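J.: Quick one: structure below, then a few questions.
Derivation of every value follows stated rules applied to the coordinates shown; laboratory data play no part. All values reported here derive from a predicted model rather than from experimental measurement. With ideal geometry, Cβ positions are generated from the backbone for all residues, glycine too; neighbour counts draw on all protein chains shown.
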Amino acid sequence: MDTLDKKLNEFYPGKVVRKDLVHDIKKAANVPSFVLEFLLAKYCATDDPDEIIAGKKAVLEVVEKNYVRPDEANKAQSMVQQKGRHKFIDRVHVKYKEREKRHWAEMENFGSNRIAINEKFYKDNEKLLEGGVWAEVTVGYNEIDEDDYAFYIEDLKPIQLSRFDFNRFLEGRMNFTTDEWIDVVLRSVGINPEIIDNLPSEYKGRVPEGKRLKLHFLARLMPLVQANYNFIELGPRGTGKSHFYSEFSPYCTLISGGKASTATLLYNNARKKVGLVGYWDTIGFDEVGNLKIKDTDTIQIMKDYMAKGRFSRGREVIANASFAFVGNIDHSIEQVVKSSDHSLFLTLPKSFDFAIQDRFFYYLPGWEIPKMDPRWYASNYGLITDYFAEAFHYMLKNNSVYNNILTNKMKLGHKVEGRDDLAIQKTTMALLKIIHPDGNPTDEEFEEILEYSIEGRRRVKEQMDKMKDDDEFAGVDLSYFKHDGKEVVVYCPESKRVLKTEINAEEPAIKVEPTEIKTEEKTVVSSDSGVFHSADISVSSDPIEKHLKIHYGDVGYSYEDVFKDYLIGAIELTIQDPYIRQKHQISNFLKLAELLVKIGDCKKIHLVTSSDDLEQEWENKYAFEQIADSLFENEIEFTFEFSETIHDRQMEISNGWRIVMGRGLDYFQSLGGNYHQIGTNDQSLRPCLECGFDFIRKA
């Protein structure tokens with residue numbers, strides 16, 4: 001067990017399970033994860049390898065013998081009639097029938113809605129009356145011909161928690177740092193956070209790594225924790241979009257097959273019965289591009305419900321269910337963003353007009369999430385899915401603590417309009433519930449969440465503004481004010497890249513001084529002129545101490561943009577970077593050397609780096625000697641050394657500055673083998689990886 005495993009077992013005893021066991025059994029049993037985890041906690045609560053093997057076998061036997069599949073309902077009923085009784089794993093819902101003045105149990109997969117049940121069961125577990133529970137149910141056969149029912153429940157043991165203590169959940173959370181808790185959440189939903197922190201080489205430059213990618217996975221959970229939340233994710237196939245809505249929570253259902261009617265989804269007028277929105281916390285729509293809604297009334301009612309959480313269909317219906325729309329987009333994102341004819345909503349059904357689109361609170365960029373393979377599955381301990389789902393279900397109904405945080409900390413810019421405001425508030429609140437359920441984020445943590453929330457809403461508005469002829473949705477520069485009073489405009493990486501290219505094309509010779517370089521988000525709107533200013537565009541100004549944060553997908557960060565002002569007047573420079581070893585990394589170093597030649601002040605460069613093996617060291621030594629010869633011709637002495645122990649990446653500059661480089665010089669996204677694209681030669685047009693730089697004035 002690693003440190004996080006030990007802390008989970010210490011502070012959530014009896015509420016954790018090894019997630020690799022779930023994946024192993026899931027291959028052989030198509031049963032919801034929360035059901036499997038209940039059985040694993042029962043039969044595999046051990047670290048002993050032999051006992052685990054025996055426990056996994058027992059779980060599979062129980063599932064094979066007792067789990068009812070919907071297409072086997074008739075067989076299951078016949079089995080009870082022949083044997084007299086049988087134990088099943090099924091979802092049980094108890095309803096009171098007013099005309100008959102009695103309660104009847106309904107078993108979802110068993111296929112009967114008229115099963116006699118003793119009142120002790122639903123008195124002990126009120127969830128049976130609210131939305132139903134998954135349970136181990138012993139069903140008996142009634143042989144009395146005069147009775148009007150064939151089956152009755154002899155025994156019922158809930159698989160879901162019968163009671164949930166939210167205060168106890170919060171007490172456990174207080175023992176974890178923010179980063180640890182994010183990893184706990186990821187593990188609990190089956191994602192391996194370690195691979196995100198250490199991306200395999202084939203993913204680097206193609207998807208973000210670190211905090212941004214983790215937030216993407218957490219964002220999929222927002223509809224599960226925030227009532228009346230409208231979420232959309234479009235991206236490539238195989239990234240696990242629908243998994244979160246089919247496996248994670250017993251309070252969530254997934255609509256597949258592309259059909260949704262008013263009666264099924266919202267309200268059945270003929271039966272006077274509320275549809276799915278009245279029974280679930282979250283409704284996921286899989287393959288939204290194939291969704292067929294023939295009844296125009298359904299779209300209009302959906303608009304009302306998505307806007308207000310209520311609609312009128314003969315009578316007013318109020319519900320809390322959130323909508324999560326997930327679907328595929330197979331096109332090149334860069335080409336779609338550049339296109340004047342298409343938006344990133346191009347795969348939505350035609351019935352999803354501007355009114356529907358404007359009701360989306362968050363657009364998750366699914367193209368930034370990798371296709372899943374076994375390496376991405378958690379193998380350590382995580383919270384039992386059902387326990388975590390209960391926490392989400394509780395927070396979905398309770399907002400007061402998080403409302404207070406928004407009131408005290410959130411101040412949005414003047415371009416944030418009504419629906420923008422609501423969307424940003426709901427998204428921020430949802431992420432607070434997931435990451436800070438105790439309601440105690442720092443100012444920096446809150447602003448990171450707020451910025452991420454604004455980005456998703458801006459992505460929605462950008463698509464509508466692009467496709468609408470007038471300027472109804474033109475106010476896309478959504479912003480917020482940091483706790484120190486600085487205004488920050490938030491951008492989407494995919495469109496910001498295009499915007500930056502357009503600015504460079506229109507004004508190639510103009511250097512625009514940024515309003516404020518030292519911001520978490522580089523771009524702000526000047527309060528006096530309303531003109532777009534950007535720290536992306538290289539400037540020449542007096543250097544100041546600062547922290548520079550570069551977000552995934554940002555452009556405009558060539559070595560000249562980032563380092564030039566701090567290299568002026570530098571006679572000597574020592575660069576420590578263990579990753580000047582691959583060909584592209586040596587090429588990056590050469591570009592920095594060229595910048596020093598252009599500045600004209602430097603007389604000596606010393607490089608401390610590493611190598612993978614002795615053969616690479618000899619190859620790189622030859623390359624460095626060639627660079628040294630070339631620099632000598634430009635009156636600069638270049639020396640180098642190899643070290644097996646260095647780790648940090650920094651520059652020590654003789655003019656009094658030290659630059660700490662989070663990713664060193666290798667902070668650009670990979671070209672993926674395509675050297676015939678913009679950004680190949682001009683670093684300022686190359687998209688970046690997420691990283692940070694600290695510029696420190698030495699005493």
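J.: Show me, for region 70-78, the HN-Hα J-couplings you get by feeding each phi into the Karplus relation (A = 6.51, B = -1.76, C = 1.60, θ = phi - 60°), rounded to Hz, glycine and proline as x.
T.: Values per residue, Gly and Pro as x: x, 7, 10, 4, 4, 4, 5, 5, 5 Hz.
J.: At a Förster distance of 45 Å, what's the computed FRET efficiency of Glu10 paired with Arg237, Cβ-Cβ distance as r, to 0.05?
T.: 0.65
J.: Under 5 Å between amide H atoms, partner at least 5 residues away or on a different chain: which partners does Gly439 have, H built in plane at 1.01 Å?
T.: For Gly439, no residues qualify.
J.: Could you list the square roots of 5 times each eigenvalue of the Cα gyration tensor of region 191-377, that is, the equivalent ellipsoid semi-axes, sorted largest first and rounded to whole Å?
T.: Over the Cα atoms of region 191-377, the semi-axes work out to 31, 19, 13 Å.
J.: Can you list residues from other chains, or at least 5 along the same chain, whose modelled amide H is less than 5 Å from the amide H of Phe151?
T.: Ala116, Asn142
J.: Further, regarding this structure: Give Lys214/Lys409; Lys15/Lys397; Lys294/Lys350 a once-over and call out the pairs whose C-alpha atoms are over 19 Å from each other.
T.: From the list (Lys214/Lys409; Lys15/Lys397; Lys294/Lys350), the Cα-Cα distance tops 19 Å for Lys214/Lys409; Lys15/Lys397.
J.: Extension gain Phe481-Asp469, at 0.36 nm per residue separation less the Cα-Cα distance, in nm?
T.: So the chain would gain 1.2 nm between Phe481 and Asp469.
J.: Treating cross-link reach as a plain straight distance, find the aspartates and glutamates whose alpha-carbon is under 16 Å from the alpha-carbon of Lys273, omitting any fewer than eight places away in the same chain.
T.: Leaving aside aspartates and glutamates fewer than 8 places away in the same chain, those within reach of Lys273 are Glu98, Glu130, Glu316.
J.: So I have (1) 14, 36, 31, 16, 3, 0; (2) 16, 44, 29, 10, 2, 0; (3) 13, 29, 24, 16, 11, 7, 1, 0, and one of them is P(r) over Cα pairs in 20 Å bins from 0, in percent calculated from this model. Which one is it?
T.: Label of the calculated value: (2).
J.: Straight-line reach from Lys698: which lysines fall under 23 Å, measuring Cα to Cα and dropping same-chain residues less than 8 apart?
T.: Lys518, Lys546, Lys549, Lys564, Lys603, Lys604
J.: Starting from 0.36 nm per residue, how many nanometres of slack lie between Phe164 and Val597 once their C-alpha separation is accounted for?
T.: 149.3 nm
J.: If you don't mind, another one. Please find the FRET efficiency linking Asp421 to Val401, where r is the Cβ-Cβ separation and R0 is fixed at 25 Å, and quote it to the nearest 0.05.
T.: 0.80
J.: Classify region 542-697 as rounded, prolate or oblate from the Cα gyration tensor: take a ≥ b ≥ c as the square roots of its eigenvalues, call it rounded if a/c is under 1.5, otherwise prolate when a/b beats b/c and oblate if not.
T.: Rounded shape, in that the Cα axes give a/c under 1.5.
J.: Provide the per-residue ³J(HN,Hα) series for region 558-571, in order, calculated from phi with Karplus coefficients 6.51, -1.76, 1.60 and θ = phi - 60°, each as a whole number of Hz, with x at glycine and proline positions.
T.: My calculation for region 558-571 gives 5, 4, 5, 4, 7, 9, 3, 4, 8, 9, 5, x, 7, 7 Hz in order.
J.: For region 70-158, max minus min Cα coordinate along each principal axis, in Å, sorted largest first?
T.: 31, 29, 21
J.: Could you work out the relative contact order of region 64-183? I mean the mean sequence separation of Cα pairs under 8 Å and 6+ apart, divided by the number of residues, in percent.
T.: Computed over region 64-183, the figure is 22 percent.
J.: What ranking do 225-238, 97-110 get when scored by the average of other Cβ atoms within 10 Å per residue, highest first?
T.: With the highest mean Cβ count within 10 Å placed first, the list reads 225-238, 97-110.
J.: How high is the relative contact order of the chain, given as a whole-number percent (alpha carbon pairs under 8 Å, six or more residues apart)?
T.: Relative contact order, the chain: 11 percent.
J.: Helix-only mean residue ellipticity at 222 nm, the chain, DSSP H runs n ≥ 4 weighted -39,500 (n - 2.57), per residue, nearest 500. What is it?
T.: Dividing the helical sum by the residues of the chain leaves -11000 deg cm²/dmol.
J.: Any chance you could run the full-extension gain for Phe632 through Val274? It's 0.36 nm times the residue separation minus the Cα-Cα distance, nm to one decimal.
T.: Length gained between Phe632 and Val274: 120.8 nm.
J.: Still on this structure: Tell me which of Ser261, Leu234, Thr609 sits at the most positive position along the dipole axis of the chain, charges placed on C-beta atoms (Lys, Arg +1; Asp, Glu -1).
T.: Ser261
J.: Ranking request for peptides 544-555, 667-678: highest mean number of other beta-carbon atoms within 10 Å first, then the rest in descending order.
T.: Averaged packing, sorted descending, gives the order 544-555, 667-678.
J.: What number, in percent, do you get for the relative contact order of region 191-377 if the mean sequence gap of Cα pairs under 8 Å and at least 6 apart is divided by its residue count?
T.: Value for region 191-377: 33 percent.
J.: If I take the Cα coordinates of region 3-70 and project them onto the principal axes, what are the three extents in Å, biggest first?
T.: On the principal axes, region 3-70 reaches 40, 25, 17 Å in Cα extent.
J.: Is region 550-632 best put as rounded, prolate or oblate by its Cα gyration tensor, with a ≥ b ≥ c the root eigenvalues, rounded for a/c under 1.5, and otherwise prolate when a/b is larger than b/c, oblate when not?
T.: Here region 550-632 falls in the oblate category.
J.: Another question, then. Quick one: which residues, 5 or more positions from Ile255 or on another chain, have an amide H under 5 Å from its amide H? H modelled 1.01 Å from N in the peptide plane, none for Pro or chain starts.
T.: The list, which skips near neighbours in sequence, is Gly284, Phe285, Asp286.
J.: Rounded to the nearest angstrom and ordered from largest down, what semi-axes does the equivalent ellipsoid of region 400-490 get from its C-alpha gyration tensor (root of 5λ)?
T.: 25, 13, 10
J.: With +1 assigned to the C-beta of every Lys and Arg and -1 to the C-beta of every Asp and Glu, and no other charges, what is the dipole magnitude of region 400-490 about the Cα centre in debye, to the nearest 20?
T.: 260 debye
J.: Related question: Placing unit charges on C-beta atoms (Lys and Arg positive, Asp and Glu negative, everything else neutral), compute the dipole magnitude of the chain about its Cα centre in debye, rounded to 20.
T.: So the magnitude is around 2920 debye.
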